[in-house]
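Every number here is computed from the coordinates shown, using simple stated rules; none is lab data. Model, not experiment: these values are computed from the prediction. Ideal geometry is used to build each Cβ from the backbone, glycine not excepted, and the neighbour counts take in all protein chains shown.
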Amino acid sequence: MIALSGVAKHYGRRALLVDASFQLDPGDKVGLLGPNGSGKSTLFRLIVGEDSPDDGTIQVPKSLAIGYFRQDAGEPSERRVLDEAIAGSGKLGDLHHELADLEQKLADPAEAQHLDALLARFGEVQGDYQQLGGYELEARAREVLHGLGFHDEQIEADMAALSSGWRMRVSMAKVLIGKPDVLLLDEPTNHLDIESILWLERFLAETEAALLMTCHDRDFLNRVVTRLVDIDDGQLVEYGGNYDFYERERKLRGVQQAAAYSRQQAMLRKEERFIERFEKHAAKAAQVQSRIKKLDKIEKLEPPRKRVLVPFEFKPPPRSGNDVVALAGVGKRYGERAVYDGFDFEVKRGERWAVVGVNGAGKSTLLKMVAGLLQPDSGAVRLGASLKLGYFAQSALEILDPKLTAWEQIDQAFPLATIPSKRNLLGAFDFPGDDIDKHIHALSGGERSRLVLAQMLYDPPNFLVLDEPTNHLDLETKEMLVKTLERFDGTMLFVSHDRAFLRGLATRVLDLSGGGEGIAKKPLVFPGDYRQWVERTGHEAPGVHR
C-alpha cells in the first residue's frame, strides 16, 4: 500500500531520517512515536508528496485515497460548518457540491440554452455520486460532526464563528467523512475533549481504512493501534502490539542492547590490549595483523540511546490558608445560555480537583473565574488567605518573548537563581544541552508549553489552576509532569482530557454534567479520586458510557 525504502531526510546538518524503511498494509492500525522534533510530521509530508526525501524511495499508488489531518486550522471560510466539512471530504465532497451547483443551473431560466449539456453532466455526476454512496454523505457528515462535539446549531452556523480549535475539528471531520483508503492523523486528540476522544477511539477501531497516526495519549494508543513505529535516531523501529507492549518491549530490547554492547566492548578491549602488547614482537606479528583485520571487519555496536526525563525537584510552595477558594451563588451566562446558575463550590488546601463535563458545560469558564480573568454575572468568587495562584492555559504562552532563547527566558525570569539550578530546570523539561539556545519563535507548541510550565514551577505557587496543561506534550513529558506534580504540596484545580493525567493526580472530581447523560442542572461534587469516579459513574466522560 505505502512503502518507504532506505529513506534519508536532512534539515541543514540535522538528520531526521537515516536509511529508514517501513510498510503500511491494508487494514493496518499503526502508531508513530518519537519526541517532539524527531521527524514524525516530516514523515507524513514525505508520504503525501509535500516534501521529498534526500535519498531512498517512497511508493504510494496513484489511485490511493489518502486523508491527511495536520495541526493546521486554516483560514475561516464563509461556508456553513456542514458545507465546509463536506466540501473538504475528497472526491465525494466535490461531487456533492457540483450536483448542488448543477441543480441551481437547471432551475435557472438564463441557463436554458445549455440545458442538454447540463442534463448530460448532471446524469454523469449523479451516477458517480450514487455509486460512491453520496446520498448518505450528509447524514455521515452530521454523525461525524456530532461525534467530534458539534451541536446541531453549530453544524448549521458559519465557519467564521468558530475558534481555531473548533476549526481543527472541522478539518478532522473532512478527513473522516471522505472514507479514504489511508488515514494519516497528526496528533488527532490535541483539541478534543474526552467525549470526542472516546468517540474517535471507536471510529478508528472500526474503520476499514489503514491508519498511521501520531498521538500523545497512552490510553488512545492502547485502544486503537496494533503496531507501533518509533523514530529512534533517524531509524524506524517497529514493535508489534499496543503502547503497553511497546513500553515493555523497548525496555527489554534496551537491556539486551546494553548487554551486547558491554560484551563487545570487553572483547574489543581484550583484543586491543593483545595488539598493544605484542605489536613489536616479531614472533607474534602474524597474530597481531590477524587480530587487526578481525577488528576492522567487526560491526561496532552502539550503546542504547536513552531519553530520560527526571521529575523536577521544586522547592515547597508557601503554605496557604485552609480555605483556598469559595464560589457562592455564582451565575454566568453567554447570551441566552446559562452556564452557571446559583453555583456553590469550595476548594480546601491540598485538594486536587479535576473538572470534567461535556463540551460547553463551563470547565474553562470556571477556571477563568477562579483565576480572576472572568467575572461572574452574579454571586461571588473568593480566594483564601496567603494564596499564590499560578494559572496555565494556552493563552499563558503569550508570556514568552519570541525574541529570546529558552535560556534567556528563564534567566530573565529568575536573575538571582544559580546557573546550575536553571539548567537542571530546563533539562527536566526536556531542554538538554544546546536546546536551551533555541529561540522561542522557533519552538513547537509542545516546547513552548514545557517552557511555560518550567517557569511556573521553578518558584511554585501554592494553588495551581491548569487548563489542558498536557496539550502538545509528548508521552514522556506527560509522565514526567505527572510524577513532578504528584509531589506538589499545594492545591490544584485543573481541566484535562488526558486520562493518565487524571488518574495520576485527581483526588476529587467536579462533574459539571452531573454524573449522567447530557448537561444536568446540578453539578456533581465527587469526594473520591478519578478512578473511583469512573467506577461509580460507569464511564470515563460525562454522557459516554463504556
Taking r as the C-beta separation of residue 116 and residue 75 and R0 as 35 Å, the FRET efficiency to the nearest 0.05 is 0.35
Please give, to one decimal in nm, the separation of the simple spin-label points placed at residue 344 and residue 377, each 7 Å out from Cα toward the Cβ.
-> 2.2
Sparse-neighbour loop sites [GluC sites (Glu not before Pro); region 263-369; at most 13 other C-beta within 10 Å; DSSP] | 279, 299, 313, 336
Can you give the FRET efficiency for residue 103 and residue 401, using 1/(1 + (r/R0)^6), R0 = 60 Å, r = Cβ-Cβ distance, to the nearest 0.05?
-> 0.65
Theoretical gain in end-to-end length, residue 232 to residue 364 [0.36 nm per residue, Cα-Cα removed] | 43.8 nm
If you stretched the chain out fully between residue 15 and residue 411, how much longer would it get, using 0.36 nm times the residue separation minus the C-alpha to C-alpha distance?
-> 139.5 nm
Estimated D of region 75-180 in µm² per second, where Rh is the Kirkwood radius over Cα pairs and Stokes-Einstein applies at 20 °C, 1.002 mPa s = 147
How many lysine pairs are close in region 245-297, with Cα atoms under 21 Å apart and the two 8 or more places apart or on different chains?
-> 10
Which shape class, rounded, prolate or oblate, goes with region 185-234 when its Cα gyration tensor gives a ≥ b ≥ c as root eigenvalues, a/c under 1.5 marks rounded, and past that a/b bigger than b/c marks prolate?
-> oblate
Can you put 213, 267 in order, fewest other beta carbons within 10 Å first?
-> 267, 213
Using DSSP to define loop residues, name the trypsin sites (Lys or Arg not before Pro) in region 346-382 whose beta-carbon has at most 15 other beta-carbon atoms within 10 Å.
-> none
Run the dipole for region 323-537 about the Cα centre, Lys and Arg Cβ at +1, Asp and Glu Cβ at -1, nothing else charged, and hand back the magnitude in debye, nearest 20.
-> 580
Using alpha-carbon pairs under 8 Å, 6+ residues apart, how would you state the relative contact order of the chain in percent?
-> 14
With r defined as the distance between the Cβ atoms of residue 244 and residue 284 and R0 fixed at 51 Å, what FRET efficiency is calculated, to the nearest 0.05?
-> 0.40
When the label point is put 7 Å from the Cα of residue 50 along its Cα-to-beta-carbon vector, which residues of region 5-38 have a backbone N closer than 16 Å?
-> 37-38
Grab the other residues whose beta carbon is less than 14 angstrom from that of residue 323, score K and R as +1, D and E as -1, and report the net.
-> +1
Spacing of the two label points (7 Å from each Cα toward its C-beta) at residue 266 and residue 437, in nm | 4.0
Residue-wise HN-Hα coupling along region 334-350, computed from phi with Karplus coefficients 6.51, -1.76, 1.60 (Hz; x: Gly, Pro) | 10, x, 7, 8, 8, 7, 10, 9, x, 8, 10, 7, 10, 10, 9, 4, x
Multiply the residue gap between residue 418 and residue 94 by 0.36 nm, knock off their C-alpha separation, and tell me the result in nm, one decimal place.
-> 110.6 nm
Is it possible to state the helix-based mean residue ellipticity at 222 nm for the chain, with each DSSP H run of 4+ residues giving -39500 (n - 2.57), the sum divided by total residues, to the nearest 500 deg cm²/dmol? What is it?
-> -12000 deg cm²/dmol
All-pairs Cα distance distribution in the chain, expressed in whole percent, bin size 10 Å = 3, 14, 23, 24, 17, 10, 5, 3, 1, 0, 0
Tally Lys/Arg at +1 and Asp/Glu at -1 over every other residue whose Cβ is under 10 Å from the Cβ of residue 97; what's the total?
-> -3
For region 49-117, which GluC sites (Glu not before Pro) are in a loop by DSSP, counting at most 12 other Cβ atoms within 10 Å?
-> 50, 78
Taking only C-alpha positions in region 245-297, Rg and Dmax in angstrom work out to 16.8, 56
Just list whichever of 179/363; 332/403; 478/522; 388/522; 174/332; 315/368 have alpha carbons separated by over 28 Å in the model shown.
-> 179/363; 332/403; 478/522; 388/522; 174/332
So, over other residues within a Cβ distance under 10 Å of residue 171, counting Lys, Arg +1 and Asp, Glu -1, the net charge is +2
Pseudo-spin-label distance residue 277 to residue 535, built 7 Å along Cα→Cβ, given in nm, is 6.4
